[in-house]
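*Asks:* Have a look at this one before I ask anything.
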Amino acid sequence: MNDTDVYVVGSHCMPFGRWPNKSLKELTRQAYLGALADAGLARGDEIEAAWFGSCLMHVWGQSAIRGNVCFIPLVREGLFPDRAPIINVEGGCATGSLALAGAYKEIKAGDAQLTLAIGVEKLYDPVDPARVLAAFAQGMDQIDPQDWIGHYGEVARSLGRSFSTGPDRSAPMDTYAMQALLHMQHYGTTVEQIAYACAKNHNAGALNPNAQYRFTTTAEAVLADRLVSEPLTRSMCAPIGDGAAAALVCSGDWLRRQPPEVRARAIAIRGIGLAGGKYRALDEPGLSRAAADRAYRMAGIGPADIDVAEVHDATSYCELYQCEMLRLCGEGEGGPFVASGATALGGKVPVNTSGGLVSKGHPIGATGLSMCAELVTQLRGEAGPRQVEGASIAVQENGGGVIGLEEALAAVVVYGRS
């Protein structure tokens, strides 16, 4: 254990779901206190900074100083230090991982010994659900929207199709659908392979007490579900829900001073790679490939060393694609790889043991930190019936926003048992 090493010493993910009676401040409290308890701390007196992630709080009337406002009750009660800065971050669906990267880098730079990363989101509005759906488009270019709409139109024409979206649809789902169709034409990927990935993750989510959806299903039932945007059915798309997740990040020096039972459960962050999106060529690898390669180099490992992974399956097609970008399989091989059972529990590299976004849920700002919580739980050997036996190295991929055929930001994090 070196002083410059960085560890997750406490993590927590609350159950995701539709929580109309829980305020943003209450969601914040639940995740924060859960992370403290997991680290064996009664209070946060030693925390030197918090990195707070959220995307759509403006829908609820709070467009600035989001985390500062959500922590007001905790500061008043002496549960969070009253002069510790709270830094607000936003990176679309990658917001939680961006908060984690901020907390990690502060420790790595030697500017702090203990920091907090937390992601909080409310997406369910029982009175007017359409207003939240419309806000998802903020993860795309709203200054010159003709750029991405025209780009997807060109992609569609290359496939002999047309592209359309609108106020009664989910623009992100429409773009994911076009990406899936492109992959299907180029590589022979099938909708049945996507359905297999979906059913596999719903069945894993049935074992996760924090999952929004906890039911088992079959690929046949997935294919028979309502079509959202061809080829994606409702089961293949992440649900609308609320939630929060958090991680306490510490230095090796801070960890060394803790009780043995705390040190034994700490998980090392071995590498974090970030990459930015662009209007890439149709045959060019996505930005998560660049982020993964950076994270692997930092961690001193390769994809063959990965024991368990969490990837950003906002739609089930994404698991196939991200397995390729993380180099868990070859390019164009994601469909057969997943359908072979390689990413199932007991397979070569179990992926999305939490149930993934399609089952666990996807409260945007909390998603990356919920992945962190799942992988920390796996590496500690505390995942119960969904435990990956002998897991010692894990990777998460979390992407946010849309620029062309890829995300605006991707984050890949490598964790290791300390």
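The values are calculated or read from the model by the stated rules, or taken from the named source; none is laboratory data. Everything quoted here is computed from the prediction, not taken from an experiment. Here the Cβ positions follow ideal geometry from the backbone for every residue, glycine too, while neighbour counts run over all protein chains shown. These accessible areas exclude ligands, DNA and RNA; they are computed on the full protein's heavy atoms, side chains included. Shrake-Rupley method; radii C 1.70, N 1.55, O 1.52, S 1.80 Å.
*Asks:* Packing-wise, with mean Cβ within 10 Å as the measure, how do 122-131, 30-39 rank, highest first?
*Replies:* 30-39, 122-131
*Asks:* Using only Cα atoms, figure out Rg for the chain and give it as a multiple of 2.2 N^0.38 Å. Each step should come with its number before you reach the end.
*Replies:* Details: Rg = 20.0 Å, N = 418, 2.2 N^0.38 = 21.8 Å.
That works out to 0.92 for the chain.
*Asks:* Still on this model: So how do 260-266, 345-351 stack up, highest first, on mean other-Cβ count within 10 Å? Kindly include the intermediate steps, with their values, before the conclusion.
*Replies:* Details: 260-266: 14.7, 345-351: 19.1.
With the highest mean Cβ count within 10 Å placed first, the list reads 345-351, 260-266.
*Asks:* Can you give me the relative contact order of the chain as a percent, contacts being Cα pairs under 8 Å and 6 or more apart?
*Replies:* After rounding, I find 26 percent.
*Asks:* Rounded to the nearest percent, how much of the accessible area of the chain (1.4 Å probe, protein heavy atoms only) is carbon and sulfur?
*Replies:* 51 percent
*Asks:* Angle between the Cα long axis of helix 191-205 and the longest principal axis of the chain, 0 to 90 degrees, nearest 10?
*Replies:* Between the helix axis and the principal axis of the chain, the angle is about 30 degrees.
*Asks:* Label points 7 Å out from Cα along the Cβ direction at Ile143 and Trp60: separation in nm?
*Replies:* About 2.9 nm, to one decimal.
*Asks:* Using only helices, what value at 222 nm comes out for the chain when you add -39,500 (n - 2.57) per DSSP H run of length 4 or more and divide by the total residues, to the nearest 500 deg cm²/dmol? Before the final figure, lay out the partial values.
*Replies:* Details: 16 runs with 156 residues, N = 418.
Taken over the chain, the calculation gives -11000 deg cm²/dmol.
*Asks:* Taking a threshold of 32 Å on the Cα-Cα distance, which of the pairs Lys25/Lys105; Lys25/Lys108; Lys105/Lys360; Lys278/Lys360; Lys105/Lys200; Lys25/Lys200 fall above it? Walk me through the numbers on the way to the answer.
*Replies:* Numbers: Lys25/Lys105 26 Å; Lys25/Lys108 29 Å; Lys105/Lys360 28 Å; Lys278/Lys360 29 Å; Lys105/Lys200 35 Å; Lys25/Lys200 34 Å.
Cα-Cα > 32 Å for Lys105/Lys200; Lys25/Lys200; rest within.
*Asks:* Between 0 and 90 degrees, rounded to the nearest ten: what's the tilt of helix 24-38 against the longest Cα principal axis of the chain?
*Replies:* Taking the Cα atoms of the chain, the angle to 24-38 is about 60 degrees.
*Asks:* Taking the Cα centre of the chain as origin and charging only Cβ (+1 Lys, Arg; -1 Asp, Glu), how large is the dipole, in debye to the nearest 20?
*Replies:* Magnitude of the dipole: close to 680 debye.
*Asks:* To continue, here is another question. What lysines sit close enough to Lys22 to cross-link, taking a C-alpha to C-alpha distance under 16 Å and skipping anything fewer than 8 places away on the same chain?
*Replies:* Within the straight-line limit of under 16 Å, Lys22 reaches these lysines: Lys122.
*Asks:* Here is a follow-up. By average Cβ neighbour count within 10 Å, what is the ranking of 237-244, 45-52, 315-322 from highest down?
*Replies:* The most tightly packed comes first, giving 315-322, 237-244, 45-52.
*Asks:* So what's the net charge close to Ala49: Lys and Arg +1, Asp and Glu -1, counting the other residues with Cβ under 9 Å from its Cβ?
*Replies:* Details: positive: none; negative: Glu48, Glu106, Asp111.
Value of the local net charge: -3.
*Asks:* For the stretch 60-138, with only Lys/Arg (+1) and Asp/Glu (-1) charged at the beta-carbon, what is the dipole magnitude about the Cα centre, in debye rounded to 20?
*Replies:* 100 debye
*Asks:* Okay, moving on. If the only charges are +1 at each Lys and Arg Cβ and -1 at each Asp and Glu Cβ, what is the size of the charge dipole of the stretch 1-155 around the Cα centre, to the nearest 20 debye?
*Replies:* Numbers: 12 positive and 19 negative charges, 118 e Å.
Dipole of the stretch 1-155, to the nearest 20 debye: 560 debye.
*Asks:* I've got another one for you. Starting from the 7 Å offset along Cα-to-Cβ, what nm value, one decimal, do you get for the label separation of Tyr124 and Met298?
*Replies:* Computed distance between label sites Tyr124 and Met298 equals 3.4 nm.
*Asks:* Turning to a different aspect of this structure: Choose one answer from Ala135, Ala42, Ala295: the residue with the largest mean-square fluctuation in a GNM of the chain with alpha-carbon springs under 10 Å.
*Replies:* Judging by the Gaussian network model, the answer is Ala42.
*Asks:* For every other residue with a beta carbon closer than 12 angstrom to the beta carbon of Ala117, add +1 if it is Lys or Arg and -1 if Asp or Glu, then tell me the sum. Display every interim value, and only then the final one.
*Replies:* Numbers: positive: Lys105; negative: Glu106.
Computed value for this residue: 0.
*Asks:* Additional query: Kindly state, to the nearest 0.05, the FRET efficiency for Arg157 paired with Leu227, given R0 = 30 Å and r defined as their beta-carbon distance.
*Replies:* 0.90
*Asks:* Counting Lys and Arg as +1 and Asp and Glu as -1, what is the net charge of the other residues whose Cβ lies under 15 Å from the Cβ of Arg417?
*Replies:* Local charge sum for Arg417: -2.
*Asks:* Also, I was wondering about something else. Relative to the longest principal axis of the C-alpha atoms of the chain, give the angle of the C-alpha long axis of helix 287-299, reported between 0 and 90° and rounded to the nearest 10°.
*Replies:* Once rounded, one gets 30 degrees.
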